[in-house]
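Some notes on the structure that comes next.
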Amino acid sequence: MKQEYIGDYGELCAARYLRERGVRLIASKYRSRFGEIDLILKDGACLVFVEVKTRSAGMIAPPQEAVDAAKQRRLILTASAYLAEKRIDPPCRFDVIEVFLSRSDAVERIDWLKNAFDAAEIGNI
């Protein structure tokens, strides 16, 4: 699979995985001037902002390592823009979904890291 399609493929796989677990998809690829949030979900009363990281076979670093402090800050700012735009203030959390692909581009596994980081540690939303 071409490199430019791997991220989109991982996001589709992650959305399907979450729907199968009863989580409702609200939006995908939400963009603001601060950045993009891959998936926005409703999990019970909680609004969940999800960063999806997809890695092909042979990658050394785990996907979650790509969600560093700078990326977290952009996600928080983008989530704040979403909440302001929608004029809502629900409980929120930030999750990371790791999608691991085999050499044949089949999904080997998906890891759902709930509460992957806390907005209070970076700056409140």
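The values are calculated or read from the model by the stated rules, or taken from the named source; none is laboratory data. These numbers were taken from a predicted model, which means no experiment stands behind them. Positions of Cβ are backbone-derived with ideal geometry, glycine not excepted, and every protein chain shown enters the neighbour counts. Calculation scope for accessible area: heavy atoms of the full protein, side chains included, ligands and nucleic acids excluded. Shrake-Rupley method; radii C 1.70, N 1.55, O 1.52, S 1.80 Å.
Close amide H partners of residue 26, meaning residues 5 or more places away or on another chain with modelled amide H under 5 Å apart, are 40, 41, 42.
The share of accessible area on the chain that comes from carbon and sulfur is 47 percent, using a 1.4 angstrom probe. Extending each Cα 7 Å along its Cβ direction at residue 89 and residue 8, get the distance between those two points in nm, one decimal. The two pseudo-label positions are separated by 3.9 nm. Straight-distance candidates among the lysines for linking to residue 53, with alpha-carbon spacing under 23 Å and chain neighbours fewer than 8 residues away dropped: 2, 29, 42, 71, 114.
Loop sites here are trypsin sites (Lys or Arg not before Pro) outside DSSP states H, G, I, E and B with no more than 10 other Cβ atoms within 10 Å. The longest part of the chain free of them is 34-86.
Taking semi-axes √(5λ) of the Cα gyration tensor in Å as the quantity of interest, determine which of (1) 23, 18, 13; (2) 36, 16, 10; (3) 25, 16, 13 was computed from the displayed structure. After the calculation, the listed value that fits is (3).
Helix 3-20 and the longest principal axis of the Cα set of the chain meet at an angle near 70°.
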